[in-house]
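All of the numbers you see were taken from the coordinates with simple rules; none came from a lab. Everything numeric in this text was worked out from a predicted model, so none of it was measured. Every residue, glycine among them, receives a Cβ derived from its backbone with ideal geometry; neighbour counts consider all protein chains shown.
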Amino acid sequence: MGKEVNIKIDGRDLTVPAEWTVIKAAHENGIEIPHYCYHEDLSIAGNCRICMVGVKGAPRPVVACAQPLTEGMEVTTTGEAVEEARKGVMEFLLINHPLDCPECDQAGECKLQDYSYDFGRDHGRFHEEKVVKSKATFGPHVKYWGSRCIVCTRCVRFTNEVSGENELNVIYRGDRSEIALFPGQVLDNPLSMNVVDICPVGALVSSDFLFQSRVWHLHSKDSVCGECAVGCNTRIDLDAKEKIKRIVPRQNDAVNKSWMCDHGRLSFDYVYDKRLHKPKIDGKDAVYKEAVAHAADLLRLPGSLALVSAWSSQETLAAAKTASEALGLPLHAYAKPSSQDQVFPGFTIAGDKNPNRSGLKTALGLDPDESLASLASKDGALGTVLLVHGIPGSEASPQLKQVLARSENVILLDFGDGDLLRNGNVTVALPTLTIYEQSGTYANRDGIVQKAEAAMEPVTYGRPAAEILRDLNKAAMQGATSKIAVSQG
Amino acid sequence: MTSASPTIAPLSPEAKAQAALARLSQARKDQFLEMLGEYPNKRSMLMMVLRLVEEEFSCITDEAMQVAADLTEMPVAHVQGMVTFYTHFKRSFHGKHRFMVCATLMCALDGNTDAALKTIADKLGIKAGEITADGLFSCEKVECLADCDRPPVVQKDFEHFCSMKGQVLADYVDGLLRQEGKTEADYRGKPGVVMDTRVEVMPSHFTFTGERDNGARRFDDKDPYLKEGQGESVTRIPRPLHTPFSSPVADSGLKPFNPHTAEANGKADKHHG
Amino acid sequence: MADTPAPTEPKPIVPFKPVILAHIHEDGSHTLDHYEARGGYAVAREHVGTTDPASLVKLVDDSGLRGRGGAGFPTGKKWSFLAKGTGKPAYLAINGDESEPGTFKDRHILERDPHQLIEGALITCWAIQSHQAFIYLRGEFILGYERLDKAVREAKAKGYVGANAFGKGFDITVTVIRGAGAYICGEETGMLSSIEGGRGYPKIKPPFPAISGLFKCPTIVNNVETIANVTHIVKNGAAWHRQWGTEKSPGYKIFCLSGQVNKPGVYEVPLGITMDSFINDYGGGLRDGKKMKAVIPGGLSAPVLTPDMVAKCTMDYESLAGLGSMLGSGGVTVLNEDVDLVDSIFNTMRFYHHESCGQCTPCREGTGWLEKLAHRIAHGHGRQGDLDLLGDVCKNMRGRTICVLADAAAMPMQSYLQHFRGEFEKKLHDPGLDEKARTFRDEFTATAKQATREHKAPSVLEVGLGMDRT
């Protein structure tokens, strides 16, 4: 611990680290100070001037975000001087701001609206022509409405400090200032949509979410992204019909700070596309109980094994372990193919595209790549393979396909109706749920264990993989047999 | 990220700096290398490097900005931010001969600024903020040029004149016309064109391949810049020099107020510039 | 305005001859040969590398030299604030970005006697133990840059500037940097941002440049005229400098006289002379027999003075501060009775709007608003309540920004409203307005007055006329 100082904010005695500024000291102690340009994970700019607070002994209000702490400092965040200052700054922010609220995406979560309501004047005194700036596309996911911009430079600092490519900068001068790219450049780095989150007004909008919904029609559920081993904490926003409208990051200093990559944000189309709705036996729709009984029969064949993935949650892994021990099935694992880490100055996108590799190691002691490789290297036919899939997107790796091809039967637990279902030699297909529709616990690359609660009602008749595994186990133990003949030999 | 071909690996900053140095003429190359030792870091060289490329390319074009960025190992967006911030850099929208007339109070007194502007307008047909159609002459109002005891003060590129009005100014403009092989008659009756100082941007209704069309495309119904079939690739859309500011607000008939070219906007400014 | 203090008692007049501008009218005064022929670089040769730097700082402090760029901060005191023992190099940044309207003194130093500046820079670098001086010139100084650049090369060739200056083992690099048309780069931290290679955005203070400035190192920022003074003070001593001027404003200063006088130009005069004597004895009084209406005493940012105030005014920092104005950069502009002050203030507001850097909200938006209001009033479309609104906007801008450009824009506006309100009101009621403007204005007079009152919901009329919109 470094040096600490004793200060007073609104009469409350606080002891805080000396290197903090007033605004951090206040926020960490539950005192709200309005701010636009300040962001915990970016450098200090001090240009919006809304965070002004009174300091005893200072002739006029100072900006809380840049004011260093001194021993015995007394800060007031209320009172007439502070309110007058805030009212003045709010008025200046609004004089050139277009009356776009009816069509602006930010409405409902817009700090201009909120602070205007809290601190602003109740009528306008500006009766001149407003400054109009350009509207532009910055990249495949980000659009810019210049007239709404308050030039807080959060986006510029983001591309400077976090994503590192410095695509954005302020151009022109004075109240004609706007944000722009160099002609010919595009804001297409994998972290581009973070600038939409940090923009306090509706100047930077996500093309994906543009005009999709009003924010007050959405309800949110906390979750964790499963697209890679970082495990960014997310918030899923759903509309009244339980359709996912957007995914935004939640702050977690240990995992993802305030950021998230674009891929993770946009990976929810598969929830609605091409889902496996009903259990299938040999390609024909079947009833769940039948399918489970048939699968239990198949599992009694010699040479059967169970295959879990690094996408499976801890609950699934526990159920798989129990089932495999009870049924005497060897347990193997595989993972979604990975690539290199993408390292940015302020963030890393893991190359490991599996959320629970570390949990797999802890719970089952398996390394998925070694496990699949050893399975693929063995010769000879396999009996039944119980494949607990549940991985969105990619096709199965060649190794996995080879293993499936060698097996007599494949019992597939998956939510998708795609390549694996059609060409994977599948006998019984049991529908499961996506990561958003079921709760699950995952351990990220640093071993941090996070639980993602179910964010939405299931879209299909699928069930959590853990539940299906327990049902399989029970069916096998109880000796239930299906009416369907089991082919052998 | 630049839209480079994926098969070509990006150059290292050192390699880019070498390539940029190769773009300069020998004299300016020597100037740059002489400068290198004097500054604590490359970023602080930017103001002088921009002057260097301004001289090399005769005005600061996009290419000049890229060269300056590569030489100083800074991002090009940063350089663009600088170039649009400072008003004295010569840009591609200025004329070959750039007149700058001081319009601040001390020169505006007694109608001195107006007299100078009127002479230029009479001779070349251009008002403040405009450029001649052939791109040879441009005129703009600038702020105080620090010679307030001898108004009006006029600069043309790198020449500075005080008490520049009446016959003195008229003769000077005549001299320039002769230099360019033109006469006053060439500009009589031909009004000037408003200088387009805007930075090029991809319009808001531009969508990338595979992007969900959420209605931004519907928002600007007519786009004078898009040709048939354009909009699928990530290329810049060339913006013609002389089109007026286009946005939903402008198209609705309300004109954005730009007091710096108040005359150009049709608002007569009787008293002072 | 409270009771104005009596002008400081003029000291017994010690004859004064120009010091800095002494040789600017001579042919070749900008060359090294001419400079050395009149004893140039002797002071630097004597002191750089030899004299105890702390004693030089004390000497300048004792002389009472105040910053000549506009703020008037005591120079020696500023040098003594320089952070020491940080392990980082100290820098000297010389502000030659003379963009304050009405000021044109540094131009003459740079174009006609640049070696004076270089010698002062060398002595200052030794005094503050800095190895590099940056001289930042505005981009529009073309001859000034050429001559200064040449002068630095001459001095380098002779071994006065560069490695091992004067052979005393202390390196001093002098780097000339050209600006490119931004008034905000005349603000000390705006200039530092520009030298560092970026947009000229002023930095938040604290920390002050003497603690953390250029490249986060301790930096002293001084005006060209201030540094040019250093050579003479070190040569002649503190007492010599204090012969002229007043107790709080010792010495002499270069003033720039402009406006409708007979002899506008640069004048180096002792501080403390009366403004009347400056305008009449030096400037030849107002030309064409016109009467004085107003005087802007310290560059465009200085609050305006009425003729009554001018009569009480002496040219020193405290007298002008007492009158509610400032000595500033010393640019004195005299306006006669024919000048339309409302147009003048519109011109002034347009200047600040054009030059605002746009970093912080009150200045970025406020300067634009002030210009638009002033434009409307100057062109006859003013409404009742506009004047109070102008005052309120100025009040909201002051003291809430990163740098003082907002104050520099608001102060003249407030002073015009305070001293010349009648002129504004005449424009609001001018029978010379065209019919259309007058009808427009009359419709709004009644409702406009109400709209500027707090906490009142707009009436149906106001909503219909758009008066309630932000």
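Over the protein assembly as shown, DSSP H runs of length four or greater, each weighted -39,500 (n - 2.57), average out per residue to a 222 nm ellipticity of -9500 deg cm²/dmol. Annotation: amide H-H contacts under 5 Å for C:N223 (H modelled 1.01 Å from N, sequence separation of 5 or more, or interchain): C:R68, C:G69, C:N95. Stokes-Einstein diffusion for segment B:129-178, with the hydrodynamic radius set to the Kirkwood value over Cα pairs and evaluated at 10 °C in a medium of 1.306 mPa s, equals 133 µm²/s.
Taking 0.36 nm per residue of separation and subtracting the Cα-Cα distance, full extension of the segment from A:R470 to A:K56 would add 142.4 nm.
Value of Rg to Rh for segment C:282-391, rounded to two decimals, is 1.01; Kirkwood radius and Rg both from alpha-carbon coordinates.
Let a ≥ b ≥ c be the square roots of the eigenvalues of the Cα gyration tensor of segment A:1-84; is it rounded (a/c under 1.5), or, if not, prolate (a/b larger than b/c) or oblate? Note, shape of segment A:1-84 comes out oblate.
Inter-chain Cβ neighbour count for A:137-145, averaged per residue, equals 4 (cutoff 10 Å, partner chain atoms only). What is the local net charge at C:G289, summed over the other residues whose Cβ is closer than 13 Å to its Cβ (Lys, Arg +1; Asp, Glu -1)? Value of the local net charge: 0.
Inter-label distance, C:K156 to B:A115: 4.3 nm, where each label sits 7 Å from its Cα along the C-beta direction. Ellipsoid fit via the Cα gyration tensor, the protein assembly as shown: semi-axes of 66, 34, 30 Å, each the root of five times an eigenvalue, largest first. Remark: the A:A405-A:E103 segment gains 103.3 nm on full extension, using 0.36 nm per residue and subtracting the alpha carbon distance. With a cut-off of 10 Å between beta carbons, the residues surrounding A:E91 carry a summed charge of +2, where Lys and Arg count +1 and Asp and Glu -1. Between 0 and 90 degrees, rounded to the nearest ten: what's the tilt of helix A:314-327 against the longest Cα principal axis of chain A? Taking Cα atoms only, the helix is inclined about 10 degrees.
Ordering A:322-333, C:173-184 by mean Cβ neighbour count within 10 Å, with the highest value first, yields C:173-184, A:322-333. For A:K361, a cut-off of 12 angstrom between C-alpha atoms picks up these aspartates and glutamates, skipping any fewer than 8 places away in its own chain: A:D369, A:E370. Taking a point 7 Å out from the Cα of A:K87 in the direction of its Cβ, the residues of segment C:388-410 whose backbone N falls within less than 20 Å of it are C:388-401. In this structure, A:D341 and A:R214 have a Cβ-Cβ separation that, at R0 = 30 Å, corresponds to a calculated FRET efficiency of about 0.20.
Going by Cα centres, segment A:361-403 and segment C:262-288 are how many Å apart? Between the Cα centres of segment A:361-403 and segment C:262-288 lies a distance of 95 Å.
For A:D222, project a label point 7 Å along Cα to C-beta. Then give me every residue of segment A:430-450 with its amide nitrogen under 14 Å of that point. Label zone hits: A:440, A:449-450. With K and R counted +1 and D and E -1, the other residues having a Cβ less than 15 Å from that of C:T75 yield a net charge of +4.
Each principal axis of the Cα cloud of segment C:204-246 was evaluated for its coordinate range; sorted largest first, these ranges are 38, 20, 15 Å.
Extending 7 Å from the Cα toward the beta-carbon at both C:E425 and C:A22 defines two label points whose distance is 5.5 nm. Taking 1.002 mPa s as the viscosity and 20 °C as the temperature, the Stokes-Einstein diffusion coefficient of segment B:75-182 based on its alpha-carbon Kirkwood radius rounds to 150 µm²/s. Just check chain A against the gyration tensor rule for me: Cα atoms, a ≥ b ≥ c as the square roots of the eigenvalues, rounded for a/c under 1.5, and otherwise prolate or oblate depending on whether a/b exceeds b/c. Note, shape of chain A comes out prolate. Note on A:K56: lysines with a C-alpha under 18 Å away, same-chain residues under 8 apart excluded, are A:K8, C:K205. The relative contact order of chain A, computed from alpha carbon pairs under 8 Å that lie at least 6 residues apart in sequence, is 12 percent.
Averaging Cα coordinates gives a centre for segment C:169-216 and one for segment A:26-82; these two points are 26 Å apart. Counting only DSSP beta bridges whose two residues both lie in chain C, roughly 45 percent are antiparallel.
Extending 7 Å from Cα along the Cβ direction at A:L301 and again at A:E161 yields two label points whose distance is 6.0 nm. Each part gets one Cα centre, and for segment B:35-78 versus segment C:54-91 those centres are 33 Å apart.
With the cut-off at under 19 Å, measuring from each backbone N in segment C:201-221 to a point 7 Å along the Cα-to-Cβ line of A:E19 picks out C:207, C:212, C:216-217. Running Debye on chain C with equal point scatterers at the Cα sites and no solvent, what base-10 log of I(q)/I(0) appears at q = 0.12 Å⁻¹? Summing over Cα pairs of chain C leads to -1.05. DSSP beta bridges confined to the protein assembly as shown are antiparallel in about 60 percent of cases. Looking at chain A, the DSSP beta bridges with both ends there are about 70 percent antiparallel. For the residues of C:131-143, the average number of beta carbons from a partner chain within 10 Å of their own beta carbon is 3. Listed peptides A:156-162, A:10-16 appear in the order A:156-162, A:10-16 once ranked by packing, highest mean of other Cβ atoms within 10 Å at the front. For segment A:261-368, a/c is not less than 1.5, where a ≥ b ≥ c are the root eigenvalues of the C-alpha gyration tensor, and a/b does not top b/c. That puts it in the oblate class. Compared with the dominant principal axis of the Cα atoms in chain C, helix C:53-63 is inclined by about 50°.
C:D388 to C:K290: FRET efficiency via 1/(1 + (r/R0)^6), r the Cβ-Cβ distance, R0 35 Å, to the nearest 0.05? Plugging the Cβ-Cβ distance into 1/(1 + (r/R0)^6) gives 0.65. Annotation: lysines with alpha-carbon distance below 25 angstrom to B:K182 (same-chain offsets under eight excluded): B:K90, B:K96, B:K118, B:K123, B:K127, B:K141, B:K156, B:K165, B:K190.
For the pair B:T209 and A:K241, what calculated FRET efficiency results from E = 1/(1 + (r/R0)^6), where r is the Cβ-Cβ distance and R0 = 35 Å, to the nearest 0.05? So, using R0 = 35 Å, E works out to roughly 0.75.
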